[in-house]
Every structure is written in structure tokens, then in C-alpha cells.
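Note sheet for the following structure.
The values are calculated or read from the model by the stated rules, or taken from the named source; none is laboratory data. Here the structure is a predicted model, which is why all the values come from computation and not from measurement. Here Cβ is always computed from backbone atoms with ideal geometry, including for glycine, and neighbour counts include all displayed protein chains. To get the accessible areas, we keep the full protein, side chains included, count just its heavy atoms, and leave off ligands, DNA and RNA. Shrake-Rupley method; radii C 1.70, N 1.55, O 1.52, S 1.80 Å.
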Amino acid sequence: MTDDPTEFRGWVRHGNVLEILPMRLRPRRPTDVVVRNLAAQACYTIVSNVLDSADQIPGHAGRARSPGHGAMGVVVEVGPQVRRVKVGDKVVTPVLPACGTCYSCVRGEWHACGHKNDLDFATPDAPPFAELEDGTPVWQDHTGGFAELAVCPEPWVVPVNESTLSNVELATLACVPGPGWTFGLIGARIEIASTVAVLGAGPLGLSIIQAAKMAGARLIIAAERIPHRLDAAKKAGAHVVLNTDEIGDTLVERIHELCRPETENMAAGGKPIVGFYGGTGADHVFEAAGATFGNPTTGMPADETGALLVSQGVQATRRGGFFVHTGVTKKTNDPKLWTPAPGPFDYNGKRYLSAAYGGGNVLRDIPRLAKLIEMGYLDAMSLVDPVLPFEKGDEAIWSSLNRDKLLPIITYQD
């Protein structure tokens, strides 16, 4: 950082180059908050934006962009209309806003807050937040994080002044683990003594496993293909770990078998296993894998679109159960991959959730999750690896693409 508070450095994707460049903030809007970033995730969803397909985002081709989302920092400037935070506040800038007053928020649908359209990632009409030394405009990709400064509208900042967590731990609440914990504990709340299947054991799936363990699930099944993630799933609390490369197309069958009811006697709270009722499957199924970008060193899955696990997840969910779709999937019409519909008429009563930040209210739930980490109920640091300095942000993104570690985080302090 220079003596000029509007001058800073940041990673910038321009053309086919990703490098650290000096920038200068452009004029801020009345509801903007300027945050000095202290830690940020290299979330997997930024990989395609930064490395190999940034110009494929509609309306964004050719723009210089500073990547990132999933950060935390300290407020250094607020617009005249900002009321939520003040200069000096410690904040998380999550992947989802919560204004509390829009059409969706007043109906309790915080995950659909209308301010999701504030930022460049959602709309090409958002203004650039900075410019290079030669005057070239730079757009902030979502809430930023890979630059020393970020500019976010007020609904996108959550104060966490009372938290005793480290910067790295607070950054986990901005994206990936935060939504995973929220899916399991709030948005699609796991019931005690229930059966849970988590399809994918990256940092998102691992956080769901932690939530299932905390909620008191009697059986937690993790399905994954990458060896170090299989090990991490066991440490996170999975009772059964299935290697999807080894079991092939029997995943649904294996989950059904593991989640058989204790009794088939319907007069005693049981359900038939065979026949029209089809009483097998997990109580809660979470798809947490998503699409594959690039050519990861950990190898390509059989389905790089991520659609197959969505289809299998629906099939693995018991009648009346809860299926949650968390990952980013690629479009496909391949009937071998995309077959979620059970038929022209479905009365199996399965519930479905696909929502940003686990269907939670970030303004309410991020401080609550921080407290659960402080109390030892959730383990943020077990999901973080590697922790790298800001200057190695490109390494963090490549590590995320390769899936060779868990959740890379960059920091701006020694």
C-alpha cells in the first residue's frame, strides 16, 4: 500500500495474463464500503473466471478483472449512506448479500437477496472499481479478495468485530466452508439420528460432513475419488467413505443398501424396502462436487460436467428425503448424465434446495458460525491448505484448479 489511500496492488487478469499490477480506486458510490483485505480464499469457482474462460462470461469479454470472492478485512472507507459498518470494523465479505429490505429478504428468502445483481460477476452493467496506471478500467470480479483493496456495496459486508478468530478462520466464513456449514445446520437442517450422504469431499463437502457430525447424524457417507480427500472425509467425521472410481455406477445402490430402515414394519415406524414404496435411500443427500475445470493434476472424473452426481443424488434420496444441489454444473443433454426426473408424475415427496450460502442469512449466520468455531464445534483450520502470501495468489488458484490440497487461502500479513 502507498501513502495514497486510493492506490494499491492487486492481481489482474488482462488478456491471457494474470499478474500483480498497481491500481487506483475509481470514485465510489454513496453505499460503497472500501475494505482492506487481510485474507481471501482461492475458491474453486473463480478458477474458470481467472485462468481459462474469463472471456466466455457473457458481457465481460476483454475486460481487465481483479478476481476473487470469499475474503475478510478491515473497513477503511464508507460512503455517506452506509449504516451497517464504520471505518475500522472487521468484516467478512461473503459470496451472498443480505439487505433485509428487498422483496426476497422481507419474505425470509435471504439467499435470493435482490442485491445479488450489484456486482460485476452478476451483471456487466456494474462500473469498474479501479484503473491501471495507464487509465485502463479494471472490474472487480464479485466481492474481490485478490487485491489489497475491495469495494463492496453495503449489503455485501458483515461485521465480525466481536470474533476472536484468526483472519484465515474468518475468511473460511466468506465462501465454501461457510455455505457448507449453513446448508447442513440451517438451510437444509440435518435431523438428529438421520442418515446423510455427501457426494464430493472437497472443502465444501467436508464442511457439510462437519455439520452432519455436529447435528448428530447416525450415519454419514462420503463419496469421493481423490485419495487425500477420502482421508480428510474420515477425519471430518464420515462413518463410511466410498471411492467413486472403485465402485463405478453402483453409487446409488450402495447408498440405498447402507441406509436400509431398521424395520419394514409400517405399524412400528418402518417402511418396506422393495416394491412400489421403495423405502431405501438417505434422509439427506448433498451434492458437493460440481464441474471440473481445466486439466487437474489429480485427474479427470468420469463426468466433468458434474451433472451425473446431481442425478444420482436425487436417486439416492429416500422418499420424503432432502436433496441439496450445491455445486456449479455444466449444461448437458446427455441422458447418461442428466436423469434427475423420476417420471411424468412424481409423488415421492422429495424436497430440494439449491441456494447461495446454504440458504442462510449471512448477516445473522456468519457471526453464529464464527461462535461455533470459537467453541470448537466446527473446525475451520482442518479445511485450510495451503496458506500463501498475497504474492503467491497465482499458486493458490492453480492449487484450487488441481485439487491437490483442500482450500487455498492467501493472506496480506506475515
Next item on the list: Check whether at least one residue in segment 53-65 is crowded, with 23+ Cβ neighbours inside 10 Å, at pLDDT 95 or above and in a strand (DSSP E or B), and report yes or no.
Entry: no
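Listed here are the residues, each with its yes/no results for (1) open to solvent by 30 Å² or more (accessible area, probe 1.4 Å); (2) in contact (Cβ under 8 Å) with a residue 60 or more places away in the chain.
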site: R225; (1), (2): yes, yes
site: D231; (1), (2): yes, no
site: K234; (1), (2): yes, no
site: E264; (1), (2): yes, no
site: E287; (1), (2): no, yes
site: T297; (1), (2): yes, yes
site: D303; (1), (2): no, no
Next item on the list: State whether the residues of segment 133-153 include one that is of a type outside the set (S, T, Y), in a helix (DSSP H, G or I) and surrounded by 24 or more Cβ atoms within 10 Å (Cβ to Cβ).
Entry: no
Next item on the list: Being modelled with pLDDT of 95 or more, farther than 24 Å from V157 by Cα and part of a helix (DSSP H, G or I) is the filter; apply it to segment 365-394 and report the residue that is least open to solvent (accessible area, probe 1.4 Å).
Entry: S382
Notebook entry, point to check: Inside segment 75-99, can you point out the residues that are open to solvent by 60 Å² or more (accessible area, probe 1.4 Å) and either among the hydroxyl-bearing types (S, T, Y) or in a loop (DSSP other than H, G, I, E, B) (or both)?
Noted result: P80, Q81, R83, K86, V87
Note to self: Let me spell it out: the conditions are (1) farther than 30 Å from Y377 by Cα; (2) among the β-branched types (V, I, T); (3) open to solvent by less than 30 Å² (accessible area, probe 1.4 Å); (4) modelled with pLDDT of 95 or more, and T123 meets all of them except one. Which number is the exception?
What the structure shows: (4)
Notebook entry, point to check: Which ones in segment 100-122 are in a loop (DSSP other than H, G, I, E, B), under 22 Å from G62 (Cβ atoms) and free of Cβ contacts under 8 Å to residues at least 24 places away in the same chain?
Noted result: A122
Next item on the list: Could you list all residues from segment 262-298 that are of a type in the set (D, E, K, R) and part of a loop (DSSP other than H, G, I, E, B)?
Entry: E262, E264, K271
Notebook entry, point to check: D334 passes all but one of (1) among the charged types (D, E, K, R); (2) more than 16 Å from the chain's Cα centre (by Cα); (3) in a helix (DSSP H, G or I); which number fails?
Noted result: (3)
Note to self: For the structure I just gave you, tell me whether E169 is open to solvent by 10 Å² or more (accessible area, probe 1.4 Å), within 18 Å of the chain's Cα centre (by Cα) and charged (D, E, K, R).
What the structure shows: yes
Check: How many of the residues in segment 193-233 are of a type in the set (K, R) and more than 24 Å from M300 (Cβ to Cβ)?
Finding: 2
Next item on the list: Would you mind telling me which numbered condition in (1) farther than 20 Å from L219 by Cα; (2) in contact with a Pro (Cβ under 8 Å, 6 or more places away or on another chain) P301 fails?
Entry: (2)
Check: Across segment 308-319, what is the number of residues that are within 12 Å of L199 (Cβ to Cβ) and either over 20 Å from the mean Cα position of the chain (by Cα) or without any contact (Cβ under 8 Å) to a residue 60 or more places away in the chain (or both)?
Finding: 8
Checklist line | Selection count, segment 180-200, where residues are open to solvent by 10 Å² or more (accessible area, probe 1.4 Å) and assigned to a helix (DSSP H, G or I) | finding: 3
Note to self: Here's a check for you: in segment 1-16, which residue that is within 30 Å of the chain's Cα centre (by Cα) and open to solvent by 70 Å² or more (accessible area, probe 1.4 Å) is modelled with the lowest pLDDT?
What the structure shows: M1
Check: What pairs can you find where one residue is in segment 8-35 and more than 12 Å from A147 (Cβ to Cβ), the other is among the small types (G, A, S) and assigned to a strand (DSSP E or B), and their Cβ atoms are less than 8 Å apart, with a gap of 6+ or different chains?
Finding: H14/A64; R26/A130
Notebook entry, point to check: Restricting attention to segment 307-319, which residues are of a type in the set (G, A, S) and either in contact with a strand residue (DSSP E or B) (Cβ under 8 Å, 6 or more places away or on another chain) or at pLDDT 95 or above (or both)?
Noted result: G313, A316
